[in-house]
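The next block holds one structure in the form of structure tokens; read it before the comments.
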Amino acid sequence: MRRWLALLLLVPVLLPIPALAEEGVCKIVDLDFMPAQISTAAPHRAPPQIVAWIEDPSGKFVDTVFITQETGTFGLGNRPGRFDFNSGPLWPYGRRVTVFPVWAHRHGLAFDEVVFQNGDDNNLSHAFQESSRERHFCRPLIPNEAMWDAGTCATAAFTDKGVFGSKQSLYPPRNDLIKATEDHASVATYAMLNPFDAVSMATPPSGVPAKISWLAPDTVPPGNYILWFEVSREFDHNTTYSMTARPSPTGIPWSEYGAPYRGQPSVVWNVPFTIDGANRTVAFALDYAGYGDPDGRDGNLRAPDATITTGVQGSGAERLAIQSDGGTPYRLRVESHIELDPIKPAAPADVGTTTITTTSVKIAFTAPGDDDQTGKVGRYEIRYLTGELTEANFEQGVEVRPEMEIVPGGDLQEFEIKGLLGATRYTVGIRAIDDCSNKGPITFYTFETSDRATGEVPWCFIATAAYGSTMANDVDMLRHFRDALLDKTVLGELAVEAYYTFSPAISGVVSESEVLRATARGILDPLVRWVRAFRF
């Protein structure tokens, strides 16, 4: 009752404030910046995480205008597991309270903290009955695994989506989930508690100029404001913030997975600017204003000092690249202007697929313009469903916000959808939205993913699909039995070879069906009990 009462009290705060400008006229604040390229020498080239917000000169919080989706959509700051868990590509666990400490302590909201269902924050392995199919994050990896640098998940992963604990967090839970059988009832309310869906997008590509537009509501009057911009990045180590100074946690299971991620803290820029009711204004920032608490404990802004790297592209104070506007160098540019925009964007045209796999699709279309076919749209709303998607159920579709650079009207626009099921029919809907939030017509396109292909996949395919995790205790015991005994005998080697030949295709089907997972567990349980009793 306490949680639901708190939710009801938060509703007026969490709902987006509508922009009530007169039709076709809007106040827009544009943010121009460019994430810097990251050195190829970095142990893991994790993209930066970015949040931007506006305050008035007295420090009163006005609005969050942009947040990268790892935190705003996928709950990077509020997911199960201790904050100092190692990290890696699309790492599923560990609440990263260090990601945006300045913003987190200023936005004025609080959320229930998400913990593992079994209450053990130290363990990466979880029981099958608490682990549902993961559509975004990959399974934990050891750094020397070939998949570390692949950029995509090699196999299906199953994770514990958590439960609300007794503590509070300054970060929202993820809002991309549909509750599965294995999930706790808390999961059904995650999205209701997350207010950042409308401003959450993928991290802009490194080395490519990016622009974010914020449509100021009528409740924000003309006047002076400050734009704050906080950037963090995992594995951004230097001599002060090194792997030695902040090593892997010790005394916990699976500590060999991942690598120490806690490098330099978040770096913050700020730009005083003016929203003028009639005139265009421009303001710039070149040097960073300070940095956040390395452990995320407070929201104080530390003054620039020698502990933050300078002169290294993509690191520390150089996480944003320098650009130029008429000879003025900047890392962050803020422009406020009034826009007359009564014309809606046109519909995306000539939609088709360029690449289809078992789990993903690349879609291309002819881009519409900001004004019908002219100009460049502000963004796209893209949703998909299995089977039929129409205007009537468009809002119920699964929304995707792929990383893509918006192109001018008439040019070819491409994006990718990942995490799909094999041999499945989907419909995707695409519509363009301009800077004044005028929405164009929706274009629908239907496609079918490829059938499952046999091939080489990691060990313990069926067991992993059945029990839900490559590190589930029973799966690990079976793997140890395989390595310790079966691989040491001729018959054992033949058995393992046959298993590796025939089980990948089976496991692909098993992993997608809870009925088949339960059946597979029933078949494997006698073997598991026998191996437990076996001495090796």
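Values computed for the structure shown
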{"read-out": "Inter-site label distance for SER360 and ASN300 at 7 Å from Cα along Cβ, in nm", "value": "4.4 nm"}
{"read-out": "Tail beyond 25 Å, pair distance distribution of the stretch 291-426 (Cα, percent)", "value": "54 percent"}
{"read-out": "GLU145-ASN279 FRET efficiency (beta carbon distance; Förster radius 60 Å; 0.05 resolution)", "value": "0.60"}
{"read-out": "Projected label distance in nm at SER450 and GLN373, using a 7 Å step from Cα toward the beta-carbon", "value": "3.6 nm"}
{"read-out": "Residues THR374, THR449 arranged by fewest to most Cβ contacts within 10 Å", "value": "THR374, THR449"}
{"read-out": "Separation in nanometres of the label points that stand 7 Å from Cα toward Cβ, at ASN238 and ILE406", "value": "3.4 nm"}
{"read-out": "Convex hull (Cα only) mean projected area of the stretch 381-447, reported in nm² to one decimal", "value": "5.1 nm²"}
{"read-out": "Cα-Cα over 31 Å, subset of LYS161/LYS211; LYS27/LYS161; LYS161/LYS418; LYS27/LYS60; LYS211/LYS344", "value": "LYS161/LYS211; LYS27/LYS161"}
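Rule-based calculations on the coordinates, nothing more; no lab input. If you're wondering where the values come from, they're calculated on a predicted model, not measured in any experiment. All Cβ positions, glycine included, derive from the backbone under ideal geometry; neighbour counts span all protein chains shown.
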